[in-house]
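The values are calculated or read from the model by the stated rules, or taken from the named source; none is laboratory data. Treat the numbers as computed from the prediction; the structure is a model and nothing was measured. Using ideal geometry, Cβ is built from the backbone for each residue, glycine included, and neighbour counts are taken over all protein chains shown. Note: areas computed on protein heavy atoms with side chains; ligands, DNA, RNA excluded. Shrake-Rupley method; radii C 1.70, N 1.55, O 1.52, S 1.80 Å.
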Amino acid sequence: QVQLVESGGGLVQPGGSLRLSCAASGSIFSINDMGWYRQAPGKQRELVAGITSGGSTNYAESVKGRFTISRDNAKNTVYLQMNSLKPEDTAAYYCNAGIMVYGSIRYRDYWGRGTQVTVSS
């Protein structure tokens, strides 16, 4: 019923930038919080940045000042602008959203399939 599709990952040199996008589609009535998570090999998935439906944001300490999360509610899309990338930012990045579908009375968590970001010279 609902799909989250990420795009924008790739290989970038240290100090470079990437912009990730995540578009939600399907029978969507409302989207609550949206966010980006990442998981490096051998590590647990961690929250990178989150944004509420009203636009309030929060960030992991490791990315503050370098990453910016934003959303376009009309397009059901969330973005992650990543600047000054470091090798330790290398991970699979996953989009997450709390979505209420038509006919439902509650929000449910949905996940994208992930996009790989590799920071290396």
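So, in the range 100-118, how many residues would count as being in contact (Cβ under 8 Å) with a residue 60 or more places away in the chain, in a strand (DSSP E or B) and out of contact with any Ser or Thr (no Cβ under 8 Å at 6 or more places or on another chain)?
Summing the residues that are in contact (Cβ under 8 Å) with a residue 60 or more places away in the chain, in a strand (DSSP E or B) and out of contact with any Ser or Thr (no Cβ under 8 Å at 6 or more places or on another chain) in the range 100-118 gives 3.
Give ALA97, ALA92 a once-over and let me know the one that is under 14 Å from the mean Cα position of the chain (by Cα), over 17 Å from ALA23 (Cβ atoms) and part of a strand (DSSP E or B).
On inspection, the qualifying residue turns out to be ALA92.
Assuming SER121 fulfils every condition listed in (1) assigned to a strand (DSSP E or B); (2) open to solvent by 60 Å² or more (accessible area, probe 1.4 Å); (3) not β-branched (Val, Ile, Thr) apart from one, which condition is it?
Status for SER121: all satisfied but (1).
Would you check which residues across the range 66-82 are open to solvent by 50 Å² or more (accessible area, probe 1.4 Å) and either farther than 22 Å from TYR110 by Cβ or in contact (Cβ under 8 Å) with a residue 24 or more places away in the chain (or both) and list them?
Across the range 66-82, the qualifying residues are THR68, ASN73, LYS75, GLN81.
Which pairs do you get when a residue that is closer than 14 Å to ASN73 by Cβ, found in the range 20-42, comes within reach of a residue that is modelled with pLDDT under 95 and not hydroxyl-bearing (Ser, Thr, Tyr), reach meaning Cβ atoms under 9 angstrom, with the pair 6+ apart or on two chains?
Between residues of the range 20-42 that are closer than 14 Å to ASN73 by Cβ and residues that are modelled with pLDDT under 95 and not hydroxyl-bearing (Ser, Thr, Tyr), the close pairs are ILE28/GLN1; PHE29/GLY103.
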